[in-house]
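A short reminder: the numbers here are calculations on the coordinates, not readings from a lab. As the structure is a computational prediction, the values presented were derived from the model and not from experiment. Backbone-built Cβ (ideal geometry, glycine too); neighbour counts: all protein chains shown.
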Amino acid sequence: MKTLLYRSLILTIAISLQLTLHSFDGLAADAPSQGISHLKMTSSAFQNNKFIPPEYTAEGKDISPPLTWENIPEGTRSFALISDDPDAANGMWIHWVLYNIPPTLNHIEEGGKNLPSSVVLGTNSFGNLGYNGPNPPQGVHHYHFNLYALDATVPLEKGATNKELLEAIEDHILDVVTLTGLYQKRS
């Protein structure tokens, strides 16, 4: 009786282990949907989950920070970038929308200088094209710079919103990476 019980227990463990290993094999194929990113993004202005310097906010020069990325997925045809503040009173405030960034570009200079003409500006929550920096009414807010590697270019005209862009790229995301900066008003 004990032998049968032990065999049953060993078989159960073996099946569980096999299912677990199979689940891990599936993670690599589904990396973007599982939150695993090989794409990396940094800024020379601030580190991930650290404070954004005031010059990149409404209290300063209100220019976009420099961004650099690496480990570009094979098959990338373009990039899209969305910067948002999920701590805003309405739940989400969009600070920057860019798309059709060429796959040969691995950075955006401070202030968005020298972007190729193929890069398209979307409309942010301020109603403007381009970047408008952090300006939280109170408390520390988190500002996400989300970079999407896409297997296509985006068929949207200039001025698309965050929502329109996300709908257009939904089935074309190869990888996504987020760099988060913090900011609290100084005054």
- Task: Give the residue that is farthest from the chain's Cα centre (by Cα), with candidates limited to residues of region 129-156 that are more than 25 Å from ALA88 (Cβ to Cβ) and in a loop (DSSP other than H, G, I, E, B).
- Result: PRO155
- Note on the structure: Checked ALA89, ALA80 against criteria (out of contact with any His (no Cβ under 6 Å at 6 or more places or on another chain), surrounded by fewer than 16 Cβ atoms within 10 Å (Cβ to Cβ) and aliphatic (A, V, I, L, M)); the one match is ALA89
